[in-house]
Amino acid sequence: MSVGVPTTGSLPRDPGTSDLDRLAIDTIRTLSMDAVQKANSGHPGLPMAMAPVAHLLYTRVLKHNPADPDWPDRDRFVLSAGHGSMLLYSILHLTGYDLPMSELERFRQWGSHTPGHPERLLGAHESGHAHTPGVETTTGPLGQGFANGVGMAMAERFLRERYGSEVMDHRVFSICSDGDLMEGVSAEAASLAGHLGLGRLVYLYDDNRITIDGSTSLSFATEDVDMRFRAYGWHTLAVDNVNDLEELQTAVDAAMAEEERPSLIRVRSIIGYPSPNKQGTAKAHGAALGEDEVRATKELMGWDPDAHFVVPDRVREVYAPVRERGARLEAEWESRFADWRSAHPDLAAEWDRAWSGEPEPGLAEALPSFDPLETEKLATRAAGSKVLVDIAPHVPTMVGGSADLAGSTLAILPGDDEFGPGRTGRTVHWGIREHAMGSAVNGLSLHGGIVRPYGATFLVFSDYMRPAVRLSALMGLPVVWVYTHDSVGLGEDGPTHQPIEHYAALRAIPGLTVIRPGDANETVQAWRTAVEPGRGPVCLLLTRQGLPVLDPDLVGDGPLKGAYVLDEGPEGADAIIVATGSEVAVAMTAQLKLSERSVSTRVVSMPSWELFEEQDQEYRDSVLTPGVPKVSVEAGISMGWSRWVDASVSIERFGASAPGDEVMRRLGITADHVAEVVLETLERAAERG
């Protein structure tokens, strides 16, 4: 809807803000109010309060092109306070992104491009709606967007150093909230960003002093946020009045001039402004204002209270130049990029392959093969380390590292080019920051897809990372999570470090591929899957203890299918033993013990349920033959296994501190116990006829 200019209303003039800018800002406010009210659901307070910030960033600061939201050298904007999504949707609509008014009118409805929290959807999903142009990451769980931005800034620095400023030269901006700063993940990420000196980060903190429960005096107001961030190594600034565009512009300019430190601009705002009865209160936070309050607010602003989703003609004129400016900026970049391509053809070819997700030629041939005659036993974490060394040259934009556990996870890229203060290599020392590592790895990937990141730690600490892993699956990000010390077999560290429920917990996440290889050669195929173009997030679960190396000819490409027949046994199997990880060796020994009792068994290695589910029914039936009794063997809880097998050898309690072999034995992960359970399962099957 396009109409004339509303009257000025009875609100005081904003200092440093023209009447036309004020009109545009008020348009963001009314659109946000109307959308939340129509849905009768949402958070109007932040969009109304921070409308001047969005207006300033998208019209005068950000390097972006609404006609091409994925332009590689654009500035990134992250609305970490994702509950304020209507702020983002309103400004995207006004500046010319492909987000029509009809989508704002369908806020929070099935199939809309305007979900309750911003979502960036890169892979297969069943969310009911499509990716929203201009949304850089999925935010909602507070603090995640804050940490995503840190990863994006790391990606920008890495790519700028590798390819040159002609190709990469931009910043990451974010609006964050009290809630973001209270969540622990933001503390870890802020500490990391300050340590790394990520000067391309500019965060605007909405200091409105209100949370859902009420004033921040309940839980947060005593904290000196500025001092905390200065202690992290950040450059801090303050804006006393969010409605003063000149003051905002001065602060943003100062932040952008600081190249050695990330910047936090504390912006004082009034939540829900200018709602006459709810501004500055928790009532403006997490619920629609109500029809009467929307009318009263519009009247105060000089707008027609009976008109909804209005964009005055003059406001359209204010935002029209944004598209022109964006097209010009991108065209200038394209010209520089073309010159760069001519001057650096080899790097340009690498860029093209990396951007499409393709590895450098020769990856398949470079992958190692492990001979059991040469290597009797090898931990899959050690095998993974060897594979990573061979993969690294063929995925030159792979960046990652461990959470202070490089010597334990062995997930180490070759060479000594580290990513640190003043250094921009491929190996990241995340420190003891699993929360931040997970979210920053997502940010590295979200930056544009050219960086292939990974993060590594012990499997039990995947609990710390679960929000980030879940979001990587929701977004379909091509990231790799490397989890070692994957069972009670790790031994003496005891139950605090021995994963039990973690296989099931990770498999419960839709869209996440979990692979638990049974030996070194299966680990090769697991990594091959992980770097496959178009594949979403992959978890590799690897052992601390050495495992027998399987014949590579028997393994073949079976792990790529999720499950395969490792040993058929005598013709006509009486039962099928299905195992993962270190328990594959246990299953093989159990097969021998059962053969001594004239029981024929097939051994199936099943490193990945998810990959197996991708196979057609004929193949699945050839591996897990219907009607043949099946027993699973896995050193964790049995949850979920009933869909595949009739009985399980599992661990339904926490572990214990002792040598790994003894813990396995005492908790029943032995060939003898497996053989007993197979015999019992056969007896029950016979009784049922």
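Scanning region 537-589 for residues that are in contact with a helix residue (DSSP H, G or I) (Cβ under 6 Å, 6 or more places away or on another chain), closer than 14 Å to residue 379 by Cα and open to solvent by 30 Å² or more (accessible area, probe 1.4 Å) yields a total of 3. If you go through region 157-164 one residue at a time, do you hit one that is more than 30 Å from residue 510 (Cα to Cα), open to solvent by 10 Å² or more (accessible area, probe 1.4 Å), in a loop (DSSP other than H, G, I, E, B) and not polar (S, T, N, Q)? For region 157-164, residues more than 30 Å from residue 510 (Cα to Cα), open to solvent by 10 Å² or more (accessible area, probe 1.4 Å), in a loop (DSSP other than H, G, I, E, B) and not polar (S, T, N, Q): present. If I filter region 609-641 down to residues being within 21 Å of residue 508 (Cα to Cα) and of a type in the set (Ser, Thr, Tyr), which single residue comes out as least open to solvent (accessible area, probe 1.4 Å)? Among those that are within 21 Å of residue 508 (Cα to Cα) and of a type in the set (Ser, Thr, Tyr), it is 632.
For region 596-606, check the following and say yes or no: at least one residue is touching a helix residue (DSSP H, G or I) at 6+ places or on another chain (Cβ under 6 Å) and acidic (Asp, Glu). No; the residues of region 596-606 include none that is touching a helix residue (DSSP H, G or I) at 6+ places or on another chain (Cβ under 6 Å) and acidic (Asp, Glu). Selection of region 288-312 for residues being assigned to a helix (DSSP H, G or I) and among the charged types (D, E, K, R) yields 291, 292, 293, 295, 298, 299. Candidates 646, 616: the one that is free of Cβ contacts under 8 Å to residues at least 40 places away in the same chain and under 20 Å from residue 560 (Cα atoms) is 616. When you scan region 137-148, do you find a residue that is touching a Lys or Arg at 6+ places or on another chain (Cβ under 7 Å) and surrounded by 24 or more Cβ atoms within 10 Å (Cβ to Cβ), even just one? So far as region 137-148 goes, yes, one or more of its residues are touching a Lys or Arg at 6+ places or on another chain (Cβ under 7 Å) and surrounded by 24 or more Cβ atoms within 10 Å (Cβ to Cβ).
For region 432-470, how many residues are in a helix (DSSP H, G or I), open to solvent by 20 Å² or more (accessible area, probe 1.4 Å) and not hydroxyl-bearing (Ser, Thr, Tyr)?
6
Residues of region 175-185 include none that is of a type in the set (Gly, Ala, Ser), open to solvent by 10 Å² or more (accessible area, probe 1.4 Å) and closer than 17 Å to residue 423 by Cα. If you go through region 225-270 and pick out every residue that is among the β-branched types (Val, Ile, Thr) and under 30 Å from the mean Cα position of the chain (by Cα), you end up with 5. Residues in region 192-209 that are over 21 Å from the mean Cα position of the chain (by Cα), farther than 13 Å from residue 258 by Cα and either among the β-branched types (Val, Ile, Thr) or outside any strand (DSSP E or B) (or both): 3 in all. Candidates in region 240-255 are the residues that are open to solvent by less than 20 Å² (accessible area, probe 1.4 Å) and outside any loop (DSSP other than H, G, I, E, B); of these, the one that is farthest from residue 56 (Cα to Cα) is 255. Scanning region 406-431 for residues that are without any contact (Cβ under 8 Å) to a residue 60 or more places away in the chain, open to solvent by 30 Å² or more (accessible area, probe 1.4 Å) and among the aliphatic types (A, V, I, L, M) returns 406, 412. Is it true that some residue in region 489-505 is open to solvent by less than 10 Å² (accessible area, probe 1.4 Å) and touching a strand residue (DSSP E or B) at 6+ places or on another chain (Cβ under 6 Å)? Scanning region 489-505 turns up no residue that is open to solvent by less than 10 Å² (accessible area, probe 1.4 Å) and touching a strand residue (DSSP E or B) at 6+ places or on another chain (Cβ under 6 Å). Answer yes if at least one residue in region 92-104 is in contact with a strand residue (DSSP E or B) (Cβ under 7 Å, 6 or more places away or on another chain) and among the acidic types (Asp, Glu), and no otherwise. Within region 92-104, none of the residues are in contact with a strand residue (DSSP E or B) (Cβ under 7 Å, 6 or more places away or on another chain) and among the acidic types (Asp, Glu).
Being open to solvent by less than 30 Å² (accessible area, probe 1.4 Å) and either within 24 Å of residue 150 (Cβ to Cβ) or in a strand (DSSP E or B) (or both) is the filter here, so list the residues in region 256-275 that pass it. Correct list: 262, 263, 264, 265, 267, 269.
Name the single residue that is farthest from residue 449 (Cα to Cα) among those in region 371-398 being open to solvent by 20 Å² or more (accessible area, probe 1.4 Å) and touching a Lys or Arg at 6+ places or on another chain (Cβ under 9 Å). Across region 371-398, the extreme among qualifying residues is 378.
Filtered by the rule that a residue be open to solvent by 60 Å² or more (accessible area, probe 1.4 Å), out of contact with any helix residue (DSSP H, G or I) (no Cβ under 9 Å at 6 or more places or on another chain) and closer than 14 Å to residue 59 by Cβ, region 313-332 gives 323, 324. Within region 276-287, the set of residues being assigned to a helix (DSSP H, G or I) and hydrophobic (A, V, I, L, M, F, W, C) comprises 282, 284.
The values are calculated or read from the model by the stated rules, or taken from the named source; none is laboratory data. The model shown is predicted, which means the values in this text are computed figures rather than measured ones. Every residue, glycine among them, receives a Cβ derived from its backbone with ideal geometry; neighbour counts consider all protein chains shown. Ligands, DNA and RNA are stripped out before the accessible areas are found, and what is left, the full protein with its side chains, is counted by its heavy atoms. Shrake-Rupley method; radii C 1.70, N 1.55, O 1.52, S 1.80 Å.
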